[in-house]
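Accompanying notes for the structure given below.
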Amino acid sequence: MTIIELNRKQTTFRNKVSKVKNFINSFQPTDSTKDYIALKSKLDNIKSIIKELDYCALPDKVNLKDSLDTLNDLQDEAEETKVSLLVLLSNYESKKETVNNTSKNNHVKLPDLPLPTFSWQVKRI
């Protein structure tokens, strides 16, 4: 990978990470299902960015300390964003578990109802 390609990818990744960070900072819960899906989607985006950053590593022959530092900073920033998303998601998952646990504990036994009996005689009118 050339230096130009690396710089372009770093800029793209930095923009993606900053968009997710802005989303986290301005996040206001409204609809729990919608929020959960949005957070999960952002988490998937960050995971893919981290995976792609691993592929952007420079070969050992290249002596470009600044590029490596930038890449490491970007990886750290992506990891921090991932942790923030996981914290937000854990709030929704704990609420979901609470709802599931309370619904399992609410058992009501209904009384037996006697079924009507029929004599099977039809009367003509």
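At-a-glance table
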{"quantity": "Neighbourhood net charge (13 Å Cβ-Cβ; Lys/Arg +1, Asp/Glu -1) for residue 49", "calculated": "+2"}
{"quantity": "Net charge over other residues, Cβ less than 13 angstrom from the Cβ of residue 83 (K, R count +1; D, E count -1)", "calculated": "0"}
{"quantity": "Inter-site label distance for residue 107 and residue 123 at 7 Å from Cα along Cβ, in nm", "calculated": "4.6"}
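Bear in mind that the values in this text are calculations on the coordinates, not laboratory data. This is a predicted model, so every value here is computed, not measured. Note that we place each Cβ from the backbone using ideal geometry, even for glycine, and neighbour counts take in every protein chain shown.
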